[in-house]
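Chemist: Below is one structure. I have some questions about it.
The values are calculated or read from the model by the stated rules, or taken from the named source; none is laboratory data. In this text, all values refer to a predicted model and were calculated from it rather than measured experimentally. Don't worry about glycine lacking a Cβ; one is built from the backbone with ideal geometry, like all the others, and counts go over all protein chains shown.
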Amino acid sequence: MEAVRDNESLYNHCKMTENRMDSSTDTVVQIRGLVFDRGRRRIFDGVDMNIRRGSITAIMGPSGTGKTTLLKLIGGQLRPKEGEILVDGEPVHRLSRRRLYLLRRRMGMLFQTGALLTDLNVFENVAFPLREHTDLPNSIIRTLVLMKLEAVGLRGARALMPAELSGGMARRVALARAIALDPMMIMYDEPFTGQDPISMGVLVKLIKTLNHALGLTSIVVSHDVQETASISDYIYVISEGKVVGEGTPQQLQHTDSPWVRQFMDGLPDGPVPFHYPAPDYHKDLLQC
Amino acid sequence: MLDSLQRLGEFSLDVFAKLGRANLFFLQALAGAPEMILRPGLLIRQLYMVGVLSILLISLSGFFVGMVLGLQGYNVLSDFGAEESLGVMIAASLVRELGPVVTALLFSGRAGSALTAEIGLMKATEQLSGMEMMAVDPMRRIVAPRLYAGILAMPLLSAMFTYIGIQGGYLVGVPLLGVDEGSFWSQMQSSIDFHEDIVNGIIKSIVFGIIVTWIAVFEGYDCIPTSEGVSRATTHSVVYSAFAVLGSDFILTALMFGE
C-alpha cells in the first residue's frame, strides 16, 4: 500500500514537473470563459486571464466586483459554473480533494484580515504549515521560521500573540506564513486596505522584493491604484463581471476606455454610476 | 395564500438542506478519527477546554441539585413514613434522569456555546479559509478534535454530576434531617440495578454528548460569517441542544424503561 502511494506521488510529481515545463515560459494561471453565479447574481460572465510566471499581476476593480471571489476560484475554494481555471497546468475545479490539497501546498494566500490563528503566537503561526506538512526536526523548523520572519522584518516579534500585533504587522506575519513552504505563487487579497502610509510602503516593498528574490508569481487583488500600479507588471481591470481593461500600468494610463479611466482616475461618476438604481427623484419625493 | 405556501416551501427546503448538511458534516467529522490517533495532543487540549473547564460548574450544580432533591424528597417521603427510601429516590433520579439531562443542558450552555462561538469566529476571521488554503483540512484539524472531546467528556461529567449530587442529597438527608445512614446507603445499594439504571444512564449521557457537541460544532461551522451570524449561531446552538436533549431523553426513556 505504501509502495503504491509512493509510486502515485512520484507519478503526480513527474506530471506536475512535465506540466510546469510545458508552460514554463508563460503562464501559471490560465482562466478561460469563466462564468460564476452567486445566487441569482452573475459575478463573472466570460472572463479570460493569463497570469505570467514570475510576474506581479494586479486584478483591480471597484468594490463588490468579485475580486476576492476570483482568488477563491483560483484557489479551488469555489467552483465555476462554466469555463476552466488551470493552475500550473492543473484544472483546479476538477481535482480530487487530495490533489487539490497537494496543489495548494504550492500556493500561498494572504487574506485581507491576515487570518492568523489567534491561539498561536507569531512563531507558531509561521511554523504551522511546516509542522502540518513536513516531518522536519524542531531545530530546522526554528531556523526556517526565523528566516521567514527576518524577511518580513518581524524576527523580534516572534513571541507576540496575534492580538498584540498592528494590522500591518499581522499582514507581514501572514506573508511570512504564506512563504513558509516556498510556494510557486502567492495571492494577495487587498493587502493595502486600512494601512497607514508606512505600513503600506513596507507591504509594497515586501511584495516586490519577495516576488523577485524567491522567484514567485504574485497576484495582487486591490483597489489602491497608485500602490498596486507601482509594483505591477500587468493589470486587469474588472467590472460588472467582465474584464474591462488590461495591459501594463503605462498602457492603462493612456487608455481611452471610460471604465478604466473612471477607475484609474477615481472619478465619482461614469460607467459605474454614483447613484444606485432608483425611481425618478422628483416623483419619489412627491409620492407621499 | 400562494405567498404563504411559497414561504412554507422555502422554509421546508431550507430545513431539509440544513439537516442534510448537518449529517454530511457529522460523517466528515467522524472520519477525522485517524488524526486523533496520530496526534493525541489535539484531542487532549480540547478535552481540557470542554471537559476540565466545565468541572466546577458541573460539580457545584450537581451538589445543589442533590441537596434540593434531598430536601424535597424528605418532605414527600416523610408524609408516608418512607424517609429511609430517600437514598433510593435521590440515586434513581440522578442516575436515570437528572445526571445525564441536567449535565447535557449545562454542558451545552458552557462548552457547547463556547465551541460554536470559537468555530464561528474562526470562520468570520477567515482562519478556516486560511487553513484550507494551507492545505490543512479544518474538519480534521479543528472540528474532529472538538467533536470527539465533547463525546468523551459528557459521560464523565455526567458521572461526576451524579456522584456529587448523591453526596449533596446525603448531606441534607442524613446529618441535617436525621435519616438513618444505614438505610440511606443500603436501600440505594439494593435498589439501583447496574444494567437497568447505571448502564442506561451512561448510554443517555453518551447520546446527549453526541447531540450537544454535534449541534455546537455544526452551528459554528455553518454560521453566517458576521458578528450577527456568530451571535445567532451561538443562541441556536444552546436552544437546539436543549430541545434535542429533552426530546431524545423522552424517546430513550420510553425505549429503556417503557413497558
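Chemist: Looking at segment B:100-171, what helices (runs of 4 or more DSSP H) fall wholly within it and have at least 3 residues that are within 14 Å of chain A (Cβ to nearest Cβ) and in contact with a helix residue (DSSP H, G or I) (Cβ under 8 Å, 6 or more places away or on another chain)?
Modeler: Once the helices (runs of 4 or more DSSP H) in segment B:100-171 are filtered for at least 3 residues that are within 14 Å of chain A (Cβ to nearest Cβ) and in contact with a helix residue (DSSP H, G or I) (Cβ under 8 Å, 6 or more places away or on another chain), what remains is B:113-124, B:127-133.
Chemist: To continue, here is another question. Test each condition in (1) more than 14 Å from chain B (Cβ to nearest Cβ); (2) surrounded by 22 or more Cβ atoms within 10 Å (Cβ to Cβ); (3) more than 15 Å from residue A:181 (Cβ to Cβ) for residue A:155 and report the one that comes out false.
Modeler: (2)
Chemist: Also, quick follow-up: Confirm whether residue B:76 is touching a residue at least 60 places away in the same chain (Cβ under 8 Å) and closer than 30 Å to residue B:184 by Cα.
Modeler: In short, no.
Chemist: Scan segment A:207-215 and tell me whether some residue there is surrounded by 14 or more Cβ atoms within 10 Å (Cβ to Cβ), touching a strand residue (DSSP E or B) at 6+ places or on another chain (Cβ under 7 Å) and at pLDDT below 90.
Modeler: no
Chemist: Condition check: at pLDDT below 95 and assigned to a loop (DSSP other than H, G, I, E, B). Does residue A:78 satisfy that?
Modeler: yes
Chemist: Tell me which residues, restricted to segment A:127-147, are part of a helix (DSSP H, G or I) and either more than 14 Å from every other protein chain (Cβ to nearest Cβ) or of a type in the set (A, V, I, L, M) (or both). If you could, list the steps in order and put the result at the bottom.
Modeler: Applying the first criterion (part of a helix (DSSP H, G or I)) to segment A:127-147 yields A:127-133, A:138-147.
Once the filter is applied, which keeps residues that are part of a helix (DSSP H, G or I) and either more than 14 Å from every other protein chain (Cβ to nearest Cβ) or of a type in the set (A, V, I, L, M) (or both), segment A:127-147 yields A:127, A:130, A:138, A:139, A:140, A:141, A:142, A:143, A:144, A:145, A:146, A:147.
Chemist: Would you please name the residue that is nearest to the other protein chains (Cβ to nearest Cβ), looking only at residues in segment A:70-88 that are crowded, with 17+ Cβ neighbours inside 10 Å and of a type outside the set (A, V, I, L, M, F, W, C)?
Modeler: If we take residues in segment A:70-88 being crowded, with 17+ Cβ neighbours inside 10 Å and of a type outside the set (A, V, I, L, M, F, W, C), then A:75 is nearest to the other protein chains (Cβ to nearest Cβ).
Chemist: Tell me the residue from A:281, A:276, A:188 that is buried (at least 16 other Cβ atoms within 10 Å of the Cβ) and among the aromatic types (Phe, Trp, Tyr), please.
Modeler: A:188
Chemist: Oh, and also: State whether one or more residues within segment B:69-80 are at positive phi and of a type outside the set (Lys, Arg).
Modeler: If we filter segment B:69-80 for residues that are at positive phi, which is where we start, we get none.
Looking through segment B:69-80, none of the residues is at positive phi and of a type outside the set (Lys, Arg).
Chemist: Residue pairs, Cβ under 7 Å, 6 or more apart or interchain, first in segment B:6-21 and closer than 28 Å to residue B:139 by Cβ, second at pLDDT 90 or above. List them.
Modeler: Note: pairs meeting the criteria are B:21/B:222.
Chemist: Quick one: what pairs do we get from segment A:105-133, first residue touching a residue at least 24 places away in the same chain (Cβ under 8 Å), second assigned to a helix (DSSP H, G or I) and of a type in the set (Asp, Glu), C-beta under 8 Å, 6+ apart or different chains?
Modeler: That search, which allows pairs on different chains as well, returns A:117/A:124.
Chemist: Quick check on residue A:88: is it touching a strand residue (DSSP E or B) at 6+ places or on another chain (Cβ under 8 Å) and of a type in the set (D, E, K, R)?
Modeler: Details: touching a strand residue (DSSP E or B) at 6+ places or on another chain (Cβ under 8 Å): yes; of a type in the set (D, E, K, R): yes.
Spelling it out, residue A:88 is indeed touching a strand residue (DSSP E or B) at 6+ places or on another chain (Cβ under 8 Å) and of a type in the set (D, E, K, R).
Chemist: Of all residues in segment A:269-288 being modelled with pLDDT of 85 or more and not in a helix (DSSP H, G or I), which is nearest to residue A:240 (Cα to Cα)?
Modeler: Per the stated criteria, the residue is A:278.
Chemist: May I pose another question? Within segment B:169-195, can you find the residues that are surrounded by 15 or more Cβ atoms within 10 Å (Cβ to Cβ) and among the acidic types (Asp, Glu)?
Modeler: If the condition is that a residue be surrounded by 15 or more Cβ atoms within 10 Å (Cβ to Cβ) and among the acidic types (Asp, Glu), then B:180 is the only one that fits.
Chemist: When only residues in segment A:147-200 that are polar (S, T, N, Q) and touching a Lys or Arg at 6+ places or on another chain (Cβ under 9 Å) count, which is farthest from residue A:71 (Cα to Cα)?
Modeler: Of the residues in segment A:147-200, the ones polar (S, T, N, Q) are A:166, A:193, A:195, A:199.
Now restrict to residues that are touching a Lys or Arg at 6+ places or on another chain (Cβ under 9 Å): A:195, A:199.
Values: A:195: 21, A:199: 23 Å.
So, considering only residues that are polar (S, T, N, Q) and touching a Lys or Arg at 6+ places or on another chain (Cβ under 9 Å), the one farthest from residue A:71 (Cα to Cα) is A:199.
Chemist: Please name all residue pairs, on different chains or six or more residues apart, with Cβ atoms under 6 Å, provided the first residue is in segment A:73-101 and is on the phi > 0 side of the Ramachandran plot and the second residue is of a type in the set (Lys, Arg) and not in a helix (DSSP H, G or I).
Modeler: What qualifies is A:83/A:32.
Chemist: State which residue is surrounded by the most Cβ atoms within 10 Å (Cβ to Cβ) when the search covers only segment A:93-109 and only residues that are of a type in the set (D, E, K, R) and at the interface with chain B (Cβ under 7 Å from one of its Cβ atoms).
Modeler: The selected residue is A:104.
Chemist: What residue, of A:119, A:26, is out of contact with any Pro (no Cβ under 6 Å at 6 or more places or on another chain) and within 14 Å of another protein chain (Cβ to nearest Cβ)?
Modeler: After applying the criteria, what remains is A:119.
Chemist: Let me ask something else. Filter segment B:2-18 down to the residues that are under 31 Å from the mean Cα position of the chain (by Cα) and of a type in the set (A, V, I, L, M), then identify the one that is farthest from residue B:219 (Cα to Cα).
Modeler: At the first step, the residues of segment B:2-18 found to be under 31 Å from the mean Cα position of the chain (by Cα) are B:11-18.
Cutting the leftovers down to of a type in the set (A, V, I, L, M) gives us B:13, B:15, B:17.
Numbers: B:13: 18, B:15: 13, B:17: 14 Å.
Ranking the qualifying residues of segment B:2-18, first place goes to B:13.
Chemist: Return the total of residues in segment A:232-259 being touching a residue at least 24 places away in the same chain (Cβ under 8 Å), farther than 20 Å from residue A:64 by Cα and assigned to a strand (DSSP E or B).
Modeler: Going through segment A:232-259 one residue at a time, the tally reaches 1.
Chemist: Looking only at segment A:51-69, count how many residues are touching a Leu at 6+ places or on another chain (Cβ under 7 Å) and buried (at least 23 other Cβ atoms within 10 Å of the Cβ).
Modeler: Result for segment A:51-69: 1.
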